[in-house]
Amino acid sequence: MANKKLKLLYLAQYLQQQTDEQHPKTVADMIDYLAQFDISAERKSVYDDLHLLEQYGMDIQTVKGKSFGYFLGERAFQLPELKTLIDVVQSSPFLSRGKSMELIGKLETLTSRPTARQLRRQVYVMNRLHTSNEQLYYAVDGINTAINENRQVSFRYFDWTVSGDKAFRRGGAAYVTNPVALCVDRHYYLVAYDAALGDYRHYRVDRIANLTVTDTPRDELPRDFDLGSYVKTIFDMYNGETVTVVLRMHLSTLNAAMDRFGADAHMRTDGTEHFVLSAPVEVGPTFYGWLFQFGDKAAITGPEQVRSGFTDYCRTVLAQYQTE
């Protein structure tokens, strides 16, 4: 009798896992499946159950003709959506390879097993750099918990050594700070507010160890802080002085400029092949590196201190390659 009460659940599971448009199942197939769990069923009772599942909201479709049967049509995620999510997971550098494959396995349970096998054949984790910090996943969860519960976090922060070991900053002493948000720019970053300095700091989450959500409430955050605007001024989360920079760029770089600055940047045409852009950025090596990729197709026209800083940076790099 106990198994009989589970009949409807097993039938819903069967439709979810074993059927799709290319793999419909007959009522006889369903009766055989239920028998594996010592559940006897008559054809009429299975028809009644399918009707109940339709009333519940499951999109049970019928295939007529030689391959007559039933399958689950509309699902929470369709195949192209799952493939997109899997592509994002397998290409994320802030997930370890093990965690990537674990998440992909969970995503595959959202479709039928035949379709999941199709997805599995398409999974190819390229030779990208992935984090080796398996604790990142749990650090992200802890930070989210702290933000939602308005509490401080404590953690140790490290740099990698040449030998692949962890060198903890502050001699291994804990950082205690006020989490504000998690941001993604190829890596996960914690944006935190330092009340003592009245300023914000950024921490790579994959270099955080031993994160703990404390019982201490967060310090009061500034009311006028605009996280969206703030993040747009940061290149790869490197701190630097925020300056409105004016660039003269070739039209061939326009898409890259829009990707970096978005529609908030001020632009105007300059002749037939160039445009002038002004936008706030945090000036430093990361910004210089982004600019350098365009070679002679981009130039800083102001302010002068940023132009001079970039010139000095290029000279320093070039000096390493000059021979007497």
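The values are calculated or read from the model by the stated rules, or taken from the named source; none is laboratory data. All of these numbers come straight from a predicted model, not from anything done at the bench. Positions of Cβ are generated from backbone atoms using ideal geometry, with glycine treated the same way; all protein chains shown enter the neighbour counts.
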Where in the stretch 1-72 are there helices (runs of 4 or more DSSP H), lying fully within it, with 1 or more residues that are more than 23 Å from T111 (Cα to Cα) and aliphatic (A, V, I, L, M)? 2-5, 27-35
Of the residues in the stretch 145-159, those that are in contact with a strand residue (DSSP E or B) (Cβ under 7 Å, 6 or more places away or on another chain) and either under 23 Å from K99 (Cβ atoms) or not hydroxyl-bearing (S, T, Y) (or both) come to T145, A146, I147, N150, R151, Q152, V153, F155, R156, Y157, F158, D159
Could you list, in sequence order, all residues of the stretch 160-181 that are in contact with a strand residue (DSSP E or B) (Cβ under 6 Å, 6 or more places away or on another chain) and within 26 Å of E220 (Cβ to Cβ)? A174, Y175, V176, T177, N178, P179, V180, A181
For residues in the stretch 102-112 being loosely packed, with under 15 Cβ neighbours inside 10 Å and part of a helix (DSSP H, G or I), which is modelled with the highest pLDDT? K106
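Conditions (1) closer than 30 Å to L182 by Cβ; (2) of a type outside the set (K, R); (3) surrounded by 16 or more Cβ atoms within 10 Å (Cβ to Cβ), marked per residue:
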position: P24; (1), (2), (3): no, yes, yes
position: F77; (1), (2), (3): yes, yes, no
position: S96; (1), (2), (3): yes, yes, yes
position: S100; (1), (2), (3): yes, yes, yes
Inside the stretch 267-309, the number of residues satisfying the requirement of being within 11 Å of L247 (Cβ to Cβ) and either outside the structural domain of V243 (by TED's automatic domain parsing) or without any contact (Cβ under 8 Å) to a residue 24 or more places away in the chain (or both) is 3
So T84, is it at pLDDT 70 or above, under 18 Å from the mean Cα position of the chain (by Cα) and not assigned by TED's automatic domain parsing to the domain that holds V213: yes
